[in-house]
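Everything on this sheet refers to the single structure shown next.
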Amino acid sequence: MSTKSPNNLPRIVVLVSGGGSNLQAIIDGVERGQIPATIAAVISNRADAGGLVRAQHHNIPAEHLDHRQFSDRADFDRALIQQIDKHSPDLVVLAGFMRILSEEFTEHYLGKMLNIHPSLLPKYKGLNTHQRALDNGDKIHGASVHFVTAELDGGPIVIQGKVLIEPEDNKNSLAEKVLQQEHRIYPLAIAWFVAGRLKMTHGKCELDGNPYP
Ligand code: GAR
């Protein structure tokens, strides 16, 4: 899948659907040298995604592929694969990409695609995670970075960031706290991957050659 950039750094393609604060944390990580990689492109399924504007501000190719122009998920995912692969990525990063992915898509990038999810997986897969944590009376909540597999939000977990739920928290305050953790753990996980330290082997994470327990 990959050819190195002219500067010989690994290539990342980031997929976004929304505001792109995680994308910004990744851009910042690249620019300050924490992530030894090039962001080859940012692609969104939504033309109005704030993440595309953030990419443009940093002279990163920003592209749009509207899922509504495809008759079904499989067709869209195939077109998206073609668009991503034009950039020869070493890693595909889902940063608030709000699409369920077909198995064909997840298989194509198996071991080379990370996602961030706003809960302490395996708790609260899917949507509305902050409200669900509040409704359950949880005291601790957070975010998880994981490799993407065919199971929705079910791939091996790379790293988690935790926050305390205070009595005065609501879903918005909680979302803000969790995002702060996201902006810390996602650049870290990406840095590990592009440095060759993080791998998915036999469905498990491995860091510096040590399989996770
Ligand atoms: C983040 O909280 C991310 O964890 C979540 O969307 C938000 C995107 O924020 N992702 C999912 O819920 C994926 N299932 P951002 O656009 O500011 O990075």
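Where the centre of each part is set by its Cα atoms, how far does the range 26-67 sit from the range 144-213, in angstrom?
The range 26-67 and the range 144-213 have Cα centres spaced 20 Å from each other.
Looking at the range 84-155, I'd like the Rg to Rh ratio, where Rg is from alpha-carbon atoms and Rh is Kirkwood's inverse mean 1/r.
Values: Rg = 13.6 Å, Rh = 13.1 Å.
That ratio equals 1.03.
Normalised by the number of residues in the range 1-103, what is the relative contact order in percent for Cα pairs under 8 Å and 6+ residues apart?
Details: 181 pairs, mean separation 40.4, N = 103.
This gives 39 percent for the range 1-103.
Given contacts defined as C-alpha pairs under 8 Å and at least six residues apart, what's the relative contact order of the chain, whole-number percent? Don't skip to the end; give the middle numbers.
Values: 415 pairs, mean separation 41.2, N = 213.
Here the relative contact order equals 19 percent.
With charges set only on the Cβ (+1 for Lys and Arg, -1 for Asp and Glu), what does the dipole of the chain come to about its Cα centre, in debye to the nearest 20? List each step's numbers first, then the result.
Working: 22 positive and 24 negative charges, 69 e Å.
Around 340 debye, computed over the chain.
Over the Cα atoms of the range 50-184, Rg to Rh with Kirkwood Rh, two decimal places? Let's see the in-between values first.
Working: Rg = 16.3 Å, Rh = 16.3 Å.
Reported Rg/Rh, Kirkwood definition of Rh: 1.00.
Anything in the chain that counts as a DSSP H helix reaching 24 Å or more along its axis (C-alpha) with Kyte-Doolittle mean of at least -1.0? List them, would you?
Details: long enough: 171-194 (33 Å, -0.03).
In the chain, the long hydrophobic H runs are 171-194.
Fully extended, how many nm does the chain gain between Lys162 and Glu206 (0.36 nm per residue separation, minus their Cα-Cα distance)? Intermediate results must be reported in sequence, preceding the final value.
Values: separation 44, 0.36 × 44 = 15.84 nm, distance 2.13 nm.
Between Lys162 and Glu206, full extension yields 13.7 nm more.
How large is the translational diffusion coefficient of the range 1-108 in µm² per second when you combine the Kirkwood radius over alpha carbon pairs with Stokes-Einstein at 20 °C and 1.002 mPa s?
Working: Rh = 14.0 Å.
So the translational diffusion coefficient is about 153 µm²/s.
Name the residue from Ser17, Ala37, Phe76 whose Cα lies farthest towards the positive end of the charge dipole of the range 1-80, charges +1 on Cβ of Lys and Arg and -1 on Cβ of Asp and Glu.
Ala37
Considering the zone a paramagnetic label at Leu110 would reach in this model (a point 7 Å from Cα along the Cα-to-Cβ line), which residues of the range 180-213 have amide N under 20 Å from it?
Output list for this probe position: 198-207, 211-212.
Just grab the label-to-label distance for Lys125 and Lys86, each label 7 Å out from Cα along the Cβ direction, in nm (one decimal).
3.3 nm
Taking 0.36 nm per residue of separation and subtracting the Cα-Cα distance, what length does fully extending Asp28 through Arg73 add? Working shown, then result.
Values: separation 45, 0.36 × 45 = 16.20 nm, distance 3.23 nm.
Extra length from Asp28 to Arg73 when fully extended: 13.0 nm.
What's the tally of Lys pairs in the chain whose alpha-carbon atoms lie under 18 angstrom apart, where the two lysines are 8 or more places apart or on different chains?
Close lysine pairs found across the chain: 17.
How much length would be gained if the chain were fully extended between Lys171 and Arg197, taking 0.36 nm per residue of separation minus their Cα-Cα distance, in nm to one decimal? Spell out each step's value before the answer.
Working: separation 26, 0.36 × 26 = 9.36 nm, distance 3.49 nm.
So the chain would gain 5.9 nm between Lys171 and Arg197.
Calculate for the chain the 222 nm mean residue ellipticity that helices alone would give, adding -39,500 (n - 2.57) per DSSP H run of length 4 or more and normalising by residue count, nearest 500 deg cm²/dmol. Show your work: numbers first, answer last.
Values: 6 runs with 69 residues, N = 213.
Rounded to the nearest 500, the figure is -10000 deg cm²/dmol.
If a paramagnetic tag sat 7 Å from the Cα of Met98 along the Cα-Cβ line, which residues of the range 54-73 would have the backbone N under 19 Å from that point?
The answer is 54-55, 63-70, 73.
Any idea of Lys125's accessible area? Nearest 10 Å², probe 1.4 Å.
Rounded to the nearest 10, that gives 70 Å².
Can you work out the FRET efficiency for the pair Ala47 and Leu152, with r the C-beta to C-beta distance and R0 = 22 Å, to the nearest 0.05? Could you put the intermediate results ahead of the total?
On the way: r = 25 Å, r/R0 = 1.15.
FRET efficiency, Ala47 to Leu152: 0.30.
The values are calculated or read from the model by the stated rules, or taken from the named source; none is laboratory data. As the structure is a computational prediction, the values presented were derived from the model and not from experiment. Quick reminder, even Gly has a Cβ in these numbers, built from the backbone with ideal geometry, and neighbours come from all protein chains shown. Heads up: the accessible areas ignore ligands, DNA and RNA and are worked out on the full protein's heavy atoms, side chains in. Shrake-Rupley method; radii C 1.70, N 1.55, O 1.52, S 1.80 Å.
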